[in-house]
Each structure stands twice: as structure tokens, then as C-alpha cells.
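The values are calculated or read from the model by the stated rules, or taken from the named source; none is laboratory data. For clarity, every value in this text was computed on a predicted model and none was experimentally measured. Counting neighbours? That spans all protein chains shown, and the Cβs are built from the backbone with ideal geometry, glycine included.
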């Protein structure tokens, strides 16, 4: 253990390999879809591209992507170290540095000139890469740090708030370079956000209502898998008028599959109502990043 960071060599090497692939994917997306379509992905990436284009258009100066991106990520990285987790932030710094390096290194390549296809498929790739990066224990930087910080602090999914921040970048790009690219960038960002919602579910919650003959055992199984507690409710069946036990629990969506499998192992005949939770008010045990 170094400081407050745990060292697991095999796991760390695996994460670093994933980060390298994510950085390469992000850079390829920037140099193919994003550059070709003249789009603005949002966050630090979009702001970096916007500043590059401003410098090139108005001052005739080409600024390296990596230099701008690293500068813009300075404050979000501080938030990461201060409030989220040191190891998580170090992985994220590696992602930021590698993305900048690959973006400056890889030559531009045109796959298609159709801007709608660019917006949709570029958004899909961006959302997939960001989700893969977050799931491995890192982030692409910028507003991702802010979104994760707000999610941990408030216990809700705050990527919609990040989308609102990106609207400011789109407004500036529309005023300076035309509204057509800004509007297509909105499609890009919307698709990217929807892919992230589908693939990355750490800060989303699910509610479980489980009718079972073994309430204590089911509650223990939920806690063993997710570290979340449960409430046991006493009821009566409307048809047979027999006493029923209902286990009520709210868990992280990312843990739902493992929890349901554990419940089924305890009681294969349990009746389970699995619901998406809009918001949780009160204490909810969020996973802590290293």
C-alpha cells in the first residue's frame, strides 16, 4: 500500500491496458468523426477543440490539442484528488495525457462526409469509450470529474447536469462558427449521453420488492453482495390470506444482476418486483473510489 492507495499489480496492469485502448479510441474518434464533421463533443474535449479552432480562425495559430486539454483539466484533476480518489484521479490523468498524445500523433482520416452519420456514430463511440473508461476506474477528464463529484455528493445521476454545461460550449461554437455544426453537436452529445446511461449505471439505483418465505436470508444475501440493507415488511396474500414477508431494498443498478442471482440462490420461488428508482432522499451507501 502506498499512501492511501492499494496496489494490485495484476488489476492495475489490466486497467492501464484498458485506459490505453480508451485513449486510442477517443483520439481516433476525434481525428475521424469529430474533426471531419466540425463537431464539439462537450466537456474539456469540446472546449479544447473550440479553443483550437478560435486560435486557428482568428489568430492563425495552431495550438496542440494536448496542451490545451491538459491546461483545462487542471482544476477538475484537483477536484478528483481532493474529493473523489487519488488512484482514480491518477488513472484519469493517464487517460488525459494519452488521449492528447494520440490525438496529436494520429493523422486525420475521413470515413464519411455525411454529418448526420458522423454525429450519430461519433456519439456512440464517444459514449462507449467514456463508459468503458469509467467502468475501469478512470475518467476522460473535464466535466466527468464534476459529474462524478456531484453524483457522490448528492447520490443522484448528474450527467444531465453535465449535458447542460455542454450547452454553453455549443452556444459559443454556434455564435462563432455557425449554428449548423452546433446543432449537429447536440445530436452527438445526446447520443453519447444515452449510450453512457445504458452502459454505465454506478450512480443509478434500483428498488427491489421481494415476496419470499426466507426474508432474513434474502436480506443477508442482499447485504453480502451490495453492502445495502433491507426492510422486512409483513403482509397478507389477497387470494389465500396467508401471511407474506416482503423484503424492500434500494441498491445500485450496477449491482442488480449479482443481487438478483444471490436472491434466487436463497429462494428460487421468490416473487421479485424490480423497479428503476428516480431518486433516493436520505442516506444511500455509495461506492467509494480509491
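Any residue in the stretch 181-190 that is buried (at least 19 other Cβ atoms within 10 Å of the Cβ), at pLDDT 90 or above and within 20 Å of residue 134 (Cα to Cα)?
For the stretch 181-190, residues buried (at least 19 other Cβ atoms within 10 Å of the Cβ), at pLDDT 90 or above and within 20 Å of residue 134 (Cα to Cα): present.
What's the number of the only condition in (1) assigned by TED's automatic domain parsing to the domain that holds residue 96; (2) surrounded by fewer than 17 Cβ atoms within 10 Å (Cβ to Cβ); (3) modelled with pLDDT under 90; (4) on the phi < 0 side of the Ramachandran plot that residue 2 fails to meet?
Result: residue 2 passes all but (1).
Can you tell me which residue among 44, 55 is under 20 Å from residue 181 (Cβ atoms), part of a helix (DSSP H, G or I) and free of Cβ contacts under 8 Å to residues at least 12 places away in the same chain? I'd like the intermediate steps shown before the answer.
Details: 44 fails: free of Cβ contacts under 8 Å to residues at least 12 places away in the same chain.
On inspection, the qualifying residue turns out to be 55.
Looking only at the stretch 249-282, which residues are over 23 Å from the mean Cα position of the chain (by Cα), surrounded by fewer than 15 Cβ atoms within 10 Å (Cβ to Cβ) and closer than 11 Å to residue 206 by Cα?
273
In the stretch 170-220, which residues are under 18 Å from residue 277 (Cβ atoms) and part of a loop (DSSP other than H, G, I, E, B)?
Within the stretch 170-220, 200, 201, 202, 203, 204 qualify.
Could you please find all residues in the stretch 106-119 being in a helix (DSSP H, G or I) and touching a residue at least 12 places away in the same chain (Cβ under 8 Å)? Don't jump to the end; show me each part of the working.
We begin by selecting, within the stretch 106-119, every residue in a helix (DSSP H, G or I); these are 115-119.
Matches in the stretch 106-119: 115, 116, 118, 119.
Okay, residues lined up against (1) closer than 30 Å to residue 29 by Cα; (2) out of contact with any helix residue (DSSP H, G or I) (no Cβ under 7 Å at 6 or more places or on another chain); (3) outside the structural domain of residue 89 (by TED's automatic domain parsing):
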position	(1), (2), (3)
178	yes, yes, no
188	yes, no, no
212	no, no, yes
237	no, yes, yes
240	no, yes, yes
254	yes, yes, yes
266	no, no, yes
283	no, yes, yes
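Residues 39, 28: which one is at pLDDT 95 or above and either over 30 Å from residue 83 (Cα atoms) or touching a strand residue (DSSP E or B) at 6+ places or on another chain (Cβ under 8 Å) (or both)?
Only one candidate qualifies: 28.
Across the stretch 83-107, which residue is farthest from residue 141 (Cα to Cα) among those that are at pLDDT below 90 and in contact with a helix residue (DSSP H, G or I) (Cβ under 7 Å, 6 or more places away or on another chain)?
83
Contact list please: Cβ distance under 7 Å, first residue in the stretch 204-219 and free of Cβ contacts under 8 Å to residues at least 40 places away in the same chain, second residue surrounded by fewer than 19 Cβ atoms within 10 Å (Cβ to Cβ) and in a strand (DSSP E or B), pairs at least six apart or on different chains.
Close Cβ pairs satisfying both conditions: 215/232; 215/245; 219/232.
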